[in-house]
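Structure first, commentary second.
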Amino acid sequence: WSVNKNTVVRSGYGIYYSPILYNNLQFELLYAPNFVLQSTVINLNNLVNTENQFGPSAEGTSGYTIEKNLKDQSAQEWNLDVERSLNANTLLKVSYIGDVMRHFSARADSNQPYALSPGDTTGILDVKPQPLNGPVTTQINGYNTSYNGLAVSLERRYTDGLQFLASYTWSKAMDIVDGDNSDIQDIYNPGLQRAAADFDRTNNFLFSGVYELPFGSGKRFGSKLGWISKEVIGGLQLSIIQQLASGQPVSIEANNTADTSYAHPVFAIETCNPNAGFKRTGFVFFNAKCFAQPSPGHYGTARNAVRVPGLYPTDLSLFKSFSLYKSNQLQFRVDAFSLLNHPEFGSGTQSVESPSLGTLNEESSGLRTLQVSLKYLF
């Protein structure tokens, strides 16, 4: 909708479907005839029925399967954009972006214990739907995800030696798992681990631009230096990419004292605000005392409970192109990645029992890198 000559409103909606691309059951069906490798030790002092020794009902047998009604995954996407021309070369855009996924695929143990057997005093759940079977990894298309974002951008086309694009996004991505090969902690209560997605960044600002330095022929400085104006200082361009972004979430895992299944993670429980009550340093990014091991028979909620520090890399390039035959050019450039040499430390999934809980344990990026290159453009 063209509101006036300088303002346009755009909107759209779409729904898209996708079947599951692969699963372990499919892999097993590649090589027929299919069989399960089993072995047993017969104890003459403790004999059991032969029917419980081998076969599909052999105790502890595990496998893969898919749910009986495997619905196709669907994604619904929509947006509302308002664009405003500030002048002939500058465009301001404000957008709302939404996305939901239905029947998102993940794995879960469909034979996960759900109760205590009579007389069991450990508190660890051990009663399974199929008592003679072990964990059964099941592909389930039954979970939902969502994304909501507000995006603002300011773009200037290349004019008078200057071009730039500044964009800012404020968003939230929520899910239960991040991929179809991830396992659900508790198949009977999957919402217990609903949290910000692994890739979620609340704030993300990005600025990129190219500026032709005012030196050389026809420029403000050095225009009367003869061949030096044209071949040495003329045509020099400076480009920059600057990002300022929030850190991504990190999960705190615990030992599985909830049940006797081994086919799923267990998260810690959060007992206080992990972002308060501690001394933050360059390597300590949350209060480790705020997470604890769940009691027997219980699951935790500390999936993606804390965030690593944000990103703020600065990349700068200086380059000049020399005209050759017709449209051919030879470009000399110097690039500096992470110009300010600020190391960016991160952390993968942490364990509640780790002595380094709460500390950054890996360097994701941030070391300054200088690069000199010569490019031939044709």
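The values are calculated or read from the model by the stated rules, or taken from the named source; none is laboratory data. The structure presented is a predicted model; accordingly, all values stated were derived computationally and were not measured. Positions of Cβ are generated from backbone atoms using ideal geometry, with glycine treated the same way; all protein chains shown enter the neighbour counts. Calculation scope for accessible area: heavy atoms of the full protein, side chains included, ligands and nucleic acids excluded. Shrake-Rupley method; radii C 1.70, N 1.55, O 1.52, S 1.80 Å.
Miscellaneous remarks
- The residues of the range 179-224 that are β-branched (V, I, T), in a loop (DSSP other than H, G, I, E, B) and out of contact with any His (no Cβ under 7 Å at 6 or more places or on another chain), listed by number, are I187, T202.
- Options F319, F332, F285, F345; residue that is surrounded by 17 or more Cβ atoms within 10 Å (Cβ to Cβ) and either within 30 Å of G161 (Cβ to Cβ) or modelled with pLDDT of 95 or more (or both): F319
- Criterion: more than 30 Å from T122 (Cβ to Cβ) and modelled with pLDDT of 95 or more - qualifying residue of S223, S239: S239
- Failed criterion for S239 (all others in (1) surrounded by fewer than 20 Cβ atoms within 10 Å (Cβ to Cβ); (2) hydroxyl-bearing (S, T, Y); (3) over 23 Å from the mean Cα position of the chain (by Cα); (4) in a loop (DSSP other than H, G, I, E, B) hold): (4)
- Taking the conditions (1) assigned to a loop (DSSP other than H, G, I, E, B); (2) over 21 Å from E362 (Cα atoms); (3) touching a residue at least 24 places away in the same chain (Cβ under 8 Å) in turn, R303 satisfies each one other than (2).
- Evaluation of G297 against (1) within 30 Å of L238 (Cα to Cα); (2) outside any strand (DSSP E or B); (3) open to solvent by less than 50 Å² (accessible area, probe 1.4 Å) (one fails), failing number: (1)
- Residue among D315, D335 that alone is under 25 Å from V372 (Cβ atoms) and in contact (Cβ under 8 Å) with a residue 40 or more places away in the chain: D315
- Subset of the range 136-178 that is part of a loop (DSSP other than H, G, I, E, B) and open to solvent by less than 30 Å² (accessible area, probe 1.4 Å) - its residue that is modelled with the highest pLDDT: I176
- Residue count, the range 137-196 (criterion: of a type in the set (F, W, Y) and either touching a helix residue (DSSP H, G or I) at 6+ places or on another chain (Cβ under 7 Å) or under 30 Å from A263 (Cβ atoms) (or both)): 3
- Residue, most open to solvent (accessible area, probe 1.4 Å), within the range 199-236, restricted to residues that are among the small types (G, A, S) and within 15 Å of S321 (Cα to Cα): S217
- Meets criteria (over 30 Å from K172 (Cβ atoms), modelled with pLDDT of 90 or more, of a type outside the set (K, R) and surrounded by fewer than 16 Cβ atoms within 10 Å (Cβ to Cβ)) for P118: yes
- Which numbered condition R303 fails, given (1) modelled with pLDDT of 90 or more; (2) of a type in the set (D, E, K, R); (3) over 30 Å from Q185 (Cα atoms): (3)
- Evaluation of R368 against (1) free of Cβ contacts under 8 Å to residues at least 24 places away in the same chain; (2) over 21 Å from the mean Cα position of the chain (by Cα) (one fails), failing number: (1)
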